[in-house]
1. Looking at region 147-156, can you tell me whether even one residue there is β-branched (Val, Ile, Thr), within 17 Å of the chain's Cα centre (by Cα) and surrounded by 18 or more Cβ atoms within 10 Å (Cβ to Cβ)?
2. For region 197-225, name all the residues that are under 30 Å from Asp326 (Cα atoms) and either open to solvent by 50 Å² or more (accessible area, probe 1.4 Å) or modelled with pLDDT of 95 or more (or both).
3. From the list Phe130, Phe117, Phe143, which one is touching a Pro at 6+ places or on another chain (Cβ under 7 Å) and without any contact (Cβ under 8 Å) to a residue 60 or more places away in the chain?
4. Checking His356 against (1) modelled with pLDDT of 95 or more; (2) over 18 Å from the mean Cα position of the chain (by Cα): exactly one of these is not met. Which one?
5. Need the failing condition index for Leu318 against (1) buried (at least 24 other Cβ atoms within 10 Å of the Cβ); (2) assigned to a helix (DSSP H, G or I); (3) out of contact with any Leu (no Cβ under 8 Å at 6 or more places or on another chain), just the number.
6. Out of region 27-39, which residues are modelled with pLDDT under 80 and farther than 12 Å from Lys57 by Cβ?
7. Might you check whether a residue that is open to solvent by 50 Å² or more (accessible area, probe 1.4 Å), touching an Asp or Glu at 6+ places or on another chain (Cβ under 8 Å) and not small (Gly, Ala, Ser) occurs anywhere in region 66-89?
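The values are calculated or read from the model by the stated rules, or taken from the named source; none is laboratory data. Remember, it's a predicted structure, so these values are computed and weren't measured experimentally. Glycine gets a Cβ as well: all are built from the backbone with ideal geometry, and neighbour counts include every protein chain shown. Side chains included, ligands, DNA and RNA excluded: accessible areas come from the protein's heavy atoms. Shrake-Rupley method; radii C 1.70, N 1.55, O 1.52, S 1.80 Å.
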Amino acid sequence: MAWDGPQVNYLESLFLPIFASLRSSGIRIQVLHLTWSDSRATSRYKQACARFGIQYKHIAIRKDLGSVGQLISCIKGALYIRQLVRDGRIDCLLPRSLIPGLICLLSGQASKLPIVFDSDGLAFDEKVDFSGLSSSSLSYRLFRDVEAQLVRISKCVIVRTPKASKILIARGGPGVLEANFHVLPNGRDTSVFRPLDVAQRDSIRSQLGINSTTHLLIYAGSVGPQYCLRETLAIFERFENSYGSAHLIILTFSCKEAEDIVKGWGGNRECITILSASADRAPLIIGAADVGLALRSSAFSMQAVSPVKIGEYLLCGLPVITSNIDGVSALSQSSVVHVLQDTSVSTLDHSVAWLHSICCRNRGSVQAEARSLGIEHFSLEKSLLALSAAIHSAQAGQVVLMPSDSENELTDKSNSEL
């Protein structure tokens, strides 16, 4: 079950390849997608699901009605789930994050079907950290209760980091078993996210108007305080001032927001390109870069996230600068991953020195090391093996599990349908 807006395309880019590949394990996925995207976006989602042979149901959200519109959408989703259960078409509910979890609870089917809850970070704590939501507000307290209920009743809880498990176990209270929690990677298709050869790399750069010898850094993803674009610009400015011949690509669906931040930055605007790209072109743009940047805030909620872009960068053969968050601890010993402990001046200067050293290394060896690390931790196959085993174990009345990343999604299964 997915819940998202027009700037979120995790369903299309992250989950559909995983869901389609699960068919070889006898698992079929049906998607219930609640979104306020426009008709063109939802049509694209439907076509993408059709390409993967996945059934798709869309429920529109009336944002102009505020919380009332969201509640109406939740009720519609709950009624749809009840109909699916009455028709015997599903065996398991897989809500991705809290609003789909609420829909599952409203459906009244939790006692009839096993639930696999993909917590997708700490969604409402992120709103407290970055969107001004009060931790004493009614909506925060309501969804903390929804979260606790889901943790208690689910056959399995999927998380991105070990710390997320500890937080949710504490919130769930007595009786919640640590064995019910599973950390899964955000697996990506290694045939899509892959290194480019020299000719491909130069061709993409030429299309973007960037010289083949320029040090090209890339920031890919959403724009918001938790994603540290301002800190990324600070690193880039230091690097460009110190070593010259540098360019930064900001690859995002939030181009206007990114432009506003860059305007307030005050650095060399000519050295920055802001653009959006389709799901098939984005890996090519990433592969044309030299270094990927994936910083995250040190806020409480960020303990539960593992940035998707780290895997994409590594699989494309890019070394990575990232933040000291729980999800990157297994990568920190590699020479192609530089972890910022904080954003102090000395730390940023150290990151610039690392950038220079990695750009001076043999590109082929860096690319090979990054690619190997990406396959080890972020391959689609790695996610599929863990997810398939988890889902089948849940059918047997044991612990189950499934991976995800960002704002929500539902799936169903019946001895071959989830």
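1. Restricting attention to region 147-156, the residues satisfying the condition of being β-branched (Val, Ile, Thr) are 151, 153.
Now restrict to residues that are within 17 Å of the chain's Cα centre (by Cα): none.
No, because not a single residue in region 147-156 is β-branched (Val, Ile, Thr), within 17 Å of the chain's Cα centre (by Cα) and surrounded by 18 or more Cβ atoms within 10 Å (Cβ to Cβ).
2. If we filter region 197-225 for residues that are under 30 Å from Asp326 (Cα atoms), which is where we start, we get 215-225.
Once the filter is applied, which keeps residues that are under 30 Å from Asp326 (Cα atoms) and either open to solvent by 50 Å² or more (accessible area, probe 1.4 Å) or modelled with pLDDT of 95 or more (or both), region 197-225 yields His215, Leu216, Leu217, Ile218, Tyr219, Ala220, Pro225.
3. Answer to the selection: Phe117.
4. Single failed check for His356: (1).
5. Result: Leu318 fails condition (2) only.
6. Applying the first criterion (modelled with pLDDT under 80) to region 27-39 yields 35-39.
Listed by number, the residues that qualify are Trp36, Ser37, Asp38, Ser39.
7. Let us first name the residues in region 66-89 that are open to solvent by 50 Å² or more (accessible area, probe 1.4 Å), namely 67-68, 70-72, 75-76, 79, 82-83, 86-89.
Within this subset, residues satisfying the condition of being touching an Asp or Glu at 6+ places or on another chain (Cβ under 8 Å) are 89.
Narrowing the set further to residues that are not small (Gly, Ala, Ser) leaves 89.
Yes, there is a match, as at least one residue in region 66-89 is open to solvent by 50 Å² or more (accessible area, probe 1.4 Å), touching an Asp or Glu at 6+ places or on another chain (Cβ under 8 Å) and not small (Gly, Ala, Ser).
Here's the yes/no breakdown for (1) over 25 Å from Thr347 (Cβ atoms); (2) over 17 Å from the mean Cα position of the chain (by Cα):
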{"site": "Asn211", "(1), (2)": "yes, yes"}
{"site": "Tyr219", "(1), (2)": "no, no"}
{"site": "Cys228", "(1), (2)": "no, no"}
{"site": "Glu231", "(1), (2)": "no, yes"}
{"site": "Gly244", "(1), (2)": "no, yes"}
{"site": "Gly264", "(1), (2)": "no, yes"}
